[in-house]
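Contents: one structure, followed by commentary.
The values are calculated or read from the model by the stated rules, or taken from the named source; none is laboratory data. Just so you know, these numbers come straight off a predicted model, no measurement behind them. Cβ atoms come from the backbone with ideal geometry, glycine included; neighbour counts cover every protein chain shown. All accessible areas refer to the heavy atoms of the entire protein, side chains included, with ligands and DNA or RNA removed. Shrake-Rupley method; radii C 1.70, N 1.55, O 1.52, S 1.80 Å.
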Amino acid sequence: MLVYLLHFERPLKHAQHYIGSTTDAGLSRRMTEHATGQGARLTAAVARAKIPMTLARLWYSPDRRLETKLKAGRNARALCPVCRFGETGNPVLTGVPYAPAVGSWKPAHWSGE
């Protein structure tokens, strides 16, 4: 399972990040859903507002407990390499070494247009 952090180029009201999870093979599909307004309510609103989103960080986790823990911590800005270091290239993969699905999915930046 992959847990991911999306960074929004500018805040939508109070929110500038979204944390979610997907299966390893479903990352590309899930990013497309978020970008086209078919994902979570927050990312759908971001897509409607035409705010570009960046896949900023990935964690490999055996289950969704990490996603729950990260959301409960309410510190996405501190976890975000775009906010902290200005990085906008390929997402940072943290945790157990993992490559197959992530290596084949190259776009790290897209907009909902």
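Residues in segment 50-88 that are small (Gly, Ala, Ser) and over 17 Å from MET31 (Cα atoms): SER61, ALA72, GLY73, ALA76, ALA78, GLY86. Inspection of segment 64-82 finds a residue satisfying the criterion of being touching a His at 6+ places or on another chain (Cβ under 9 Å), hydrophobic (A, V, I, L, M, F, W, C) and modelled with pLDDT under 90.
Within segment 17-27, the only residue that satisfies the criterion of being closer than 26 Å to ARG84 by Cβ and over 11 Å from the mean Cα position of the chain (by Cα) is ASP24. Taking segment 1-78 as the region of interest, the helices (runs of 4 or more DSSP H) fully inside it that hold 3 or more residues being open to solvent by 80 Å² or more (accessible area, probe 1.4 Å) are 65-73. Sub-7 Å Cβ pairs linking a first residue in segment 20-41 that is at positive phi to a second residue that is among the small types (Gly, Ala, Ser) and surrounded by 14 or more Cβ atoms within 10 Å (Cβ to Cβ), at least 6 apart or interchain, are GLY37/ALA44; GLY37/ALA47; GLY37/GLY112, ordered by first then second residue.
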